[in-house]
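Reading through the structure tokens given below for one structure.
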Amino acid sequence: MNKDVAYVLIDAELRRLFELPYAELIKMIGTPETKQVKGEDGISYQVEIEAIWDINRAEDVRVMVSIDDGGWRALVPLTQDFVMRPDGSFVDEFTGEY
């Protein structure tokens, strides 16, 4: 798996999810989304998006994006996440750097 390509795909998903309001993100809790996305390297990657209540503050929602190519990386996918508060602010906002 090409990590650079995988992180570009993760970044695209995170940027899309950043635009969603808190009310939409909490609707995602308990319903993980999985999809196949083709990278610029021609490889098909599996992307999983999951929202959970954050353990540090129960009203905050943590949104995770994981990616693998179906090989051994499926056991330890690359993952990035962010936490949004009810007021729409972010906890330790993702900067787009890995």
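The values are calculated or read from the model by the stated rules, or taken from the named source; none is laboratory data. Since this is a predicted model, take the numbers as computed values, not measurements. Cβ atoms come from the backbone with ideal geometry, glycine included; neighbour counts cover every protein chain shown. Ligands, DNA and RNA are excluded from the accessible area calculation, which covers all protein heavy atoms including side chains. Shrake-Rupley method; radii C 1.70, N 1.55, O 1.52, S 1.80 Å.
Structure summary
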{"item": "Residue count for region 1-25, restricted to those that are open to solvent by less than 60 Å² (accessible area, probe 1.4 Å), touching a residue at least 24 places away in the same chain (Cβ under 8 Å) and within 18 Å of F82 (Cα to Cα)", "result": "11"}
{"item": "Qualifying residue in region 59-68 (condition: out of contact with any helix residue (DSSP H, G or I) (no Cβ under 6 Å at 6 or more places or on another chain), open to solvent by less than 60 Å² (accessible area, probe 1.4 Å), more than 17 Å from K3 (Cβ to Cβ) and not in a loop (DSSP other than H, G, I, E, B))", "result": "yes"}
{"item": "Residue pairs meeting the criteria (Cβ under 6 Å; at least 6 apart or on separate chains; first over 18 Å from D11 (Cβ atoms), in region 50-65; second crowded, with 18+ Cβ neighbours inside 10 Å and small (G, A, S))", "result": "V61/A51"}
{"item": "Positions within region 26-45 being open to solvent by 70 Å² or more (accessible area, probe 1.4 Å) and farther than 21 Å from M84 by Cβ, in sequence order", "result": "T34, Q36, K38, E40"}
{"item": "Condition broken by V47, with the remaining ones in (1) out of contact with any Asp or Glu (no Cβ under 8 Å at 6 or more places or on another chain); (2) without any contact (Cβ under 8 Å) to a residue 60 or more places away in the chain satisfied", "result": "(1)"}
